[in-house]
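The values are calculated or read from the model by the stated rules, or taken from the named source; none is laboratory data. Note that the structure is predicted; figures quoted are calculated from it, not measured. Note: ideal-geometry Cβ built from the backbone for every residue, glycine included; neighbour counts use all protein chains shown. Quick note on the areas: whole protein, heavy atoms, side chains included, nothing else; ligands and nucleic acids left out. Shrake-Rupley method; radii C 1.70, N 1.55, O 1.52, S 1.80 Å.
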Amino acid sequence: QVQLVESGGGLVQAGVSLRLSCAASGVIFSINAMGWFRQAPGKEREFVSVISWSGGSTAYADSVKGRFTISKDNAKNTVYLQMNSLKSEDAAVYYCATARSILPGISTDRYNYWGQGTQVTVSA
């Protein structure tokens with residue numbers, strides 16, 4: 001079992017930055033990648049970014065490429081999502097998730113453990 005706790009969400013104005021954190025605990029050695037997803041009201045959960053746990057390879061959704069940066073601190077078992085130049089369309093509940101695959105891709109069914117989510121609200 002892996003437990004994930006997200007933090008860092010909040011209400012911000014468009015154009016500013018926000019950093020999300022996701023702390024993992026439990027059976028850490030089973031983690032090969034960690035990803036961020038988001039879900040806006042009335043929409044499906046969508047992939048945002050992923051990072052491999054050992055090598056640090058990353059991938060991003062086109063909608064956030066160049067604005068968001070995923071990183072990790074293995075010593076703290078924590079993954080971060082730095083979000084810059086936030087837009088109203090970035091507003092959503094953000095979830096982190098773990099995967100056993102090194103390159104799990106963008107599909108939610110490739111991820112096995114999920115956090116409870118953190119709300120990001122962006123005002124115009």
Handout entry: Accessible carbon and sulfur surface of the chain relative to its total accessible area, %, 1.4 Å
Key = 50
Practice task
Compute the distribution of all C-alpha to C-alpha distances in region 13-124, in bins of 10 Å from 0, and list the percent of pairs in each, rounded to whole numbers.
Solution key: 15, 51, 29, 5, 0
Handout entry: Heavy-atom accessible area order for 68, 29, largest first, 1.4 Å probe
Key = 29, 68
Exercise for the section: Take every Cα pair under 8 Å in the chain that's 6+ residues apart, average their separations, divide by the length, and report that relative contact order as a whole percent. Expected result: 36
Problem - In order through region 87-96: 3J(HN,Hα) via Karplus (6.51 cos²θ - 1.76 cosθ + 1.60), integer Hz, x for Gly, Pro - result: 10, 4, 6, 7, 5, 4, 8, 9, 10, 9
Fill in the blank from the handout: DSSP beta bridges in the chain: the antiparallel percent, rounded to 5, is 90
Handout entry: Rounded accessible area of residue 46 (nearest 10 Å², 1.4 Å probe)
Key = 80
Handout entry: Solvent-accessible heavy-atom area per residue, rounded to whole Å², over the chain at 1.4 Å
Key = 50
Fill in the blank from the handout: In nm, the gap between the two label points placed 7 Å beyond Cα toward Cβ at residue 101 and residue 69 is 2.8
Completion exercise
The answer for residue 53, listing residues at least 5 apart or on another chain whose modeled amide H is closer than 5 Å to its amide H, is 33, 34
Exercise for the section: At q = 0.13, 0.27 Å⁻¹, work out log10 I(q)/I(0) for region 49-101 with the Debye formula, treating every Cα as an identical point scatterer and leaving solvent out; two decimals please. Expected result: -0.34, -1.24
